[in-house]
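Peer 1: Pasting a structure here, questions to come.
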Amino acid sequence: MSHSHNIKVPSLDGLLSTCSEAGLRKTKALVSGLKVLASAKHPLTLHQIAKSPIFDVECDPATIYRLVTKLEEHRIVRRIGFHSRAAHYCLREGNHQDYLICRDCGSIEVLDIACPVEHLEEQIASDCGYSDLEHELEFYGRCGTCK
Ligand SMILES: [Zn+2]
Ligand SMILES: [Zn+2]
């Protein structure tokens, strides 16, 4: 499951123009953070973002936290609260919200399946008069490495 047709790699230029429309200053940290998230195969914690070799600026954890929080406020980044784990972040654009998580090592994969609840989402939206619905499905198990 290394390739996923559900994941389009968002373009950095597109993301940067979305950020500038949102009034975010184009700092080195912003550009690096977006590069990390755009190339990530699965959601990342703040720690993983900071430790990524693609994140090539010196930045203290508080700065990264503020940066990612700001991206989240502007709906460029989605925060995922896998239960009892650190918050994970991914770009909204091009990411599907269904995950497979290893109970033992905590590794996360984005599921490469046709979303089983997409039609349900549409039905709920029309039945309840909601718009802009989203969901996350999490499946927990033991990965091939931990087995
Ligand atoms: Zn595992
Ligand atoms: Zn789904």
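The values are calculated or read from the model by the stated rules, or taken from the named source; none is laboratory data. Bear in mind the structure is a predicted one, so any value in this text is a computation, not a measurement. We place every Cβ from the backbone using ideal geometry, glycine too, and count neighbours over all the protein chains shown.
Peer 1: Residues of the range 121-147 being within 16 Å of ligand 1 (Cβ to nearest atom) and under 21 Å from the mean Cα position of the chain (by Cα), which ones? Can you show your working first?
Peer 2: Going through the range 121-147, the residues within 16 Å of ligand 1 (Cβ to nearest atom) turn out to be 138-147.
Listed by number, the residues that qualify are E138, F139, Y140, G141, C143.
Peer 1: Among the residues of the range 87-97, are any free of Cβ contacts under 8 Å to residues at least 60 places away in the same chain and either among the hydroxyl-bearing types (S, T, Y) or within 11 Å of ligand 1 (Cβ to nearest atom) (or both)?
Peer 2: Yes, the range 87-97 has at least one match.
Peer 1: Give the number of residues within the range 103-120 that are within 11 Å of ligand 2 (Cβ to nearest atom) and under 20 Å from the mean Cα position of the chain (by Cα).
Peer 2: 8
Peer 1: Hey, another quick one. Where in the range 67-139 are there strands (runs of 3 or more DSSP E), lying fully within it, with 2 or more residues that are modelled with pLDDT of 85 or more and not assigned by TED's automatic domain parsing to the domain that holds E21?
Peer 2: Correct list: 98-102, 108-110.
Peer 1: State all residues of the range 55-66 that are surrounded by 15 or more Cβ atoms within 10 Å (Cβ to Cβ) and in a loop (DSSP other than H, G, I, E, B); if no residue qualifies, say none.
Peer 2: Of everything in the range 55-66, those that are surrounded by 15 or more Cβ atoms within 10 Å (Cβ to Cβ) and in a loop (DSSP other than H, G, I, E, B) turn out to be F55, C59.
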